[in-house]
Amino acid sequence: MAEWTPDELSRVGSATELHITSMRRDGTTRPYTAIWVVRVGNDIYVRSAYGPDSGWFRRARAAGRGRVRAGGVERDVTFAEAPPDAHEGIDAAYHAKYDRYGPAIVGSVVGPQARQVTVRLLPRD
């Protein structure tokens, strides 16, 4: 299994936005969507601010794989579940990075309702 390099973790983790796309059945990618991204330890996470019905989120779950771009890094990824014990750290990372945008927008990606729309990005070879 591939891992994020320390440089990739730093660059992706410090990027304000990540561009994400899922793979179609024929291997082509869909248009990219810009979303917020956080790093927690050696993992990269994204959450759907618009809940489980958001287009990018539904397509990512269905496809299971895609591609991300952020901080000058572009990688193929697998979309995975976050470990149950990771959510508190993910919430803290979103607050630390994005609280400057105000409680309404940050509130859409933190708390119990955000757990079901959390995606762990695992790099692929």
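Name the single residue that is farthest from Ile44 (Cα to Cα) among those in region 71-106 being small (Gly, Ala, Ser), out of contact with any helix residue (DSSP H, G or I) (no Cβ under 9 Å at 6 or more places or on another chain) and outside any loop (DSSP other than H, G, I, E, B).
That would be Ala104.
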Close pairs from region 4-27: first polar (S, T, N, Q), partner modelled with pLDDT of 95 or more and assigned to a strand (DSSP E or B), Cβ under 6 Å, at least 6 apart: Thr21/Gly66; Thr21/Arg67; Ser22/Gly66
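One line per residue, one yes/no per condition, for (1) modelled with pLDDT of 95 or more; (2) exposed (fewer than 15 other Cβ atoms within 10 Å of the Cβ):
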| position | (1), (2) |
| --- | --- |
| Gly64 | yes, yes |
| Val73 | yes, no |
| Asp99 | yes, yes |
| Pro103 | no, yes |
| Gln116 | yes, yes |
| Pro123 | yes, no |
Name the residue, out of Arg65, Arg75, Arg11, Arg30, that is among the basic types (Lys, Arg) and closer than 23 Å to Arg115 by Cβ. Arg65
Considering only residues that are part of a loop (DSSP other than H, G, I, E, B) and basic (Lys, Arg), which ones fall in region 1-48? Arg24, Arg25, Arg30
Kindly check whether there is at least one residue in region 39-57 that is over 10 Å from the mean Cα position of the chain (by Cα), buried (at least 18 other Cβ atoms within 10 Å of the Cβ) and among the basic types (Lys, Arg). no
Of everything in region 6-38 that's surrounded by 13 or more Cβ atoms within 10 Å (Cβ to Cβ) and among the hydroxyl-bearing types (Ser, Thr, Tyr), which residue is modelled with the lowest pLDDT? Thr29
Are there any pairs with C-beta distances below 9 angstrom linking a residue in region 51-68 that is hydrophobic (A, V, I, L, M, F, W, C) to a residue that is in a helix (DSSP H, G or I), with the two at least 6 apart or on different chains, and if so which? Phe57/Val117; Val68/Val12
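Kindly indicate whether Val109 is touching a residue at least 60 places away in the same chain (Cβ under 8 Å), among the β-branched types (Val, Ile, Thr) and in a loop (DSSP other than H, G, I, E, B).
When the stated conditions are applied, Val109 passes them.
The values are calculated or read from the model by the stated rules, or taken from the named source; none is laboratory data. This structure is a prediction, so every number in the text was calculated from the model and none was measured. Don't worry about glycine lacking a Cβ; one is built from the backbone with ideal geometry, like all the others, and counts go over all protein chains shown.
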